[in-house]
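What follows is a single structure, written as structure tokens, with notes after it.
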Amino acid sequence: MARYAPPARRRPATALALAAVLAAGLSAALAGQPQVARATVTPLITLVQQPGHYTRPVFVGNAGDSRLFVVQQTGQIYIAGSTPALFLDLSGQVGYDGGERGLLGLAFAPDYATSKLFYVYYTKTSDGSLQVSQFTDSGSPAATEGTELTVINIPHPGHPNHNGGMIAFGPKGDLYIGTGDGGGADDPGSSCGNAQNTTVRLGKILRISPHTDGSGGYTTPNDNPFFGGAAADDPVWSWGLRNPWRWSFDSSTGDLWIGDVGQNAYEEIDHVAAPDAGKSANFGWPYYEGFHAPNFHGCVAPSPYTKPLLEHSHSDGSCAIVGGYVYRGSEYPDLTGRYFFSDNCRGTIWDVPATATSPASPEALLDTSLNVSSFGEDENGELYVADLSGGHIFKVTSNVQRVYGGDRYATSAAIAQSGGYGTGGTVYVATGTNFPDALAGAAVAGKDDAPLLLVLPTSIPSTVLSRLTALQPSKVVILGGTGAISAAVQTALENLPTHPSVVRYAGADRYATAAMLADPNAGSPNYSSGVGGVFIATGANFPDALSAAPVAGSKGWPLLLVQPDAIPASVDPVLDALDPTDIYILGGTGVITSGVETALTAYVADATHVHRIAGADRYATSAQIARTFFHSTSGSPDNSGLARPDPAYVATGTLFADALSGAPLAARDEAPLLLMAPGSVPSPMVTEVRDQLVPHRIVIFGGAASVSYAVGVQLGGYCQP
């Protein structure tokens, strides 16, 4: 199956609204702080092409079993597969005209397994009217075609467009039908338009109960809003719609989600909650288009009026919104509770949380060149996308998640939030402007199962302060001296609502700070003598240490910094006191010389206990660290025999803040932290991720500018369930 590879896209940042009331004593640390964007955790989706090819597919659905059905606008329904099997052929009576007419919708009865009843929505060849028919699955296309019974027919004179086309059974087992406003422009109906006229069945969501006794037709549920009124009013459930091409019910909540196609400027998504799910809702057309009021018929504004959840402008090339579904499948938990939709012209796939309130801001997850016509669900709630002009069906997949914020500080807060750390514990704090003090601290934080947050030298960014307040720490550990993190920030930390104890690790330089953290003879030591291993990294450049910090944290080993050609005086006694079984040098002789390697043999039993983990560059070294300690099968060099990682973590290898904040989380999950180039997967990483680690899923630390969307898609292709 082919995997759709999209162009890279950078997401716009969204503004933060700080909800917590800040405790007294923070003003000094907050003075002059930058306004940073909120922290975000979001999935990256990919589209996997399914077998088979179709002519103008306009809908994908299921019958409550393992089959997937594809509706062709030209009049056929196929059971999906490498060689699609014809299920029904209505091409002789479906008025497909190359435009918006044709076979448009399909719904299987809730009791299809026993009744074999299903329903289709099409435009009739004879007069262009909107026809909903009932069929009985009789085992062959020809036999099934002969069982047709008319359920409802709706005149649609004058224009060939705006036919609606979606039908679906609702939570109570009734059939809902979406109709367009009659076509043309501005709503062709008289007075205030068809959509506002509740005696006309155009521009509506209708709700009926089809007869199942072989007589055709329907009855109107007695809780419909116009039940017992004029005959034309009985089926009307919602109105004020222009062309509700694709809509759906949330299979978990019963909420109704509508993609209503706009006219000149704006598309809209409407969301109405269960249990009424749109009953008596007036969505405003043709007075409103999105949130705007062009008032095409010069009428009084409708009241009451149900405003959209969101609108989308045509300014980006969009032209016809395609409503989708709230994901309720089980294969991709990161997608759960998100509503997906697209646009027929633009092909972008957006999402919005199912809990969003109006006016909501959707997030662009994937740019495609597809001519998206519909979404669909299989029996398990997994989502699919139909490409009208390309003729293919794609499954929506997601084994890559991105954790990011508007900058490095917001990203560190997002990482801490995504980690699900409990309240009342320890939090480590490091500067976000220079990293050596924090390198050794990341390993200790990982050992302590504690988050690491980044701050400015003289202030606490608002996203970080919000996360600190939520964590309610009993202890805060500052990494580095007052030149790295000022006394004012320390005071602000001490004055958090929980008034935590604040400990500062600060040596004369980066080497001494790392030594303090590792010293087993310290007053409250983080490590004991006789550790199984010690990692040695250069203090002059940081990428090698970043990939090793999760290993150090998960194993409870310290990470010490040395000069490229010497062991600093502050490190020597600490190494001696640690009395390690093995020492692991991170990087080649260009970063730590062979002379230092020889000197390190004095701290272990013999030279065989000093190991060098090195590659041709930082990416190759990162891959080699993963190969050494996170091999997916038994027999790895340290005999860990770890299982396939779930997840593997990824960060950019060019800027180190994201990897620094993410290292403790990777340590807690006993997972590798892999360094990537911003716009490509380096070849050593291709081999390591694809052929060795084969992770269940990937979590990327940082935004698309740090690790591009294309990199995420490529890495997702190496994952396996």
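The values are calculated or read from the model by the stated rules, or taken from the named source; none is laboratory data. For clarity, every value in this text was computed on a predicted model and none was experimentally measured. Note that each Cβ is placed from the backbone with ideal geometry, even for glycine, and that neighbours are counted across all protein chains shown.
Worth a mention:
- Restricting segment 626-652 to residues that are farther than 9 Å from residue 674 by Cβ and among the hydrophobic types (A, V, I, L, M, F, W, C), the residue that is modelled with the highest pLDDT: 629
- Residue satisfying all of: in segment 417-441; out of contact with any strand residue (DSSP E or B) (no Cβ under 6 Å at 6 or more places or on another chain) and in a helix (DSSP H, G or I); nearest to residue 673 (Cα to Cα) among these: 439
- Exclusive hit being closer than 18 Å to residue 196 by Cα, in the same structural domain as residue 156 (by TED's automatic domain parsing) and at pLDDT 95 or above, set 247, 285: 285
- Segment 81-135, subset among the acidic types (Asp, Glu) and not in a strand (DSSP E or B), residue farthest from residue 181 (Cα to Cα): 111
Condition check ((1) assigned by TED's automatic domain parsing to the domain that holds residue 225; (2) more than 34 Å from the chain's Cα centre (by Cα); (3) not in a strand (DSSP E or B)) across all residues:
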{"position": "168", "(1), (2), (3)": "yes, no, no"}
{"position": "172", "(1), (2), (3)": "yes, no, yes"}
{"position": "187", "(1), (2), (3)": "yes, yes, yes"}
{"position": "198", "(1), (2), (3)": "yes, yes, yes"}
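- Within segment 310-329, not a single residue is in contact with a strand residue (DSSP E or B) (Cβ under 7 Å, 6 or more places away or on another chain), of a type outside the set (Gly, Ala, Ser), more than 29 Å from residue 198 (Cα to Cα) and surrounded by fewer than 16 Cβ atoms within 10 Å (Cβ to Cβ).
- For segment 218-249, a tally of residues being touching a Leu at 6+ places or on another chain (Cβ under 8 Å) and either assigned to a loop (DSSP other than H, G, I, E, B) or surrounded by fewer than 18 Cβ atoms within 10 Å (Cβ to Cβ) (or both) returns 1.
- Any chance residue 142 is closer than 23 Å to residue 60 by Cα, assigned by TED's automatic domain parsing to the domain that holds residue 74 and surrounded by fewer than 22 Cβ atoms within 10 Å (Cβ to Cβ): yes
- Flag for residue 106 being surrounded by 17 or more Cβ atoms within 10 Å (Cβ to Cβ) and touching a His at 6+ places or on another chain (Cβ under 8 Å): no
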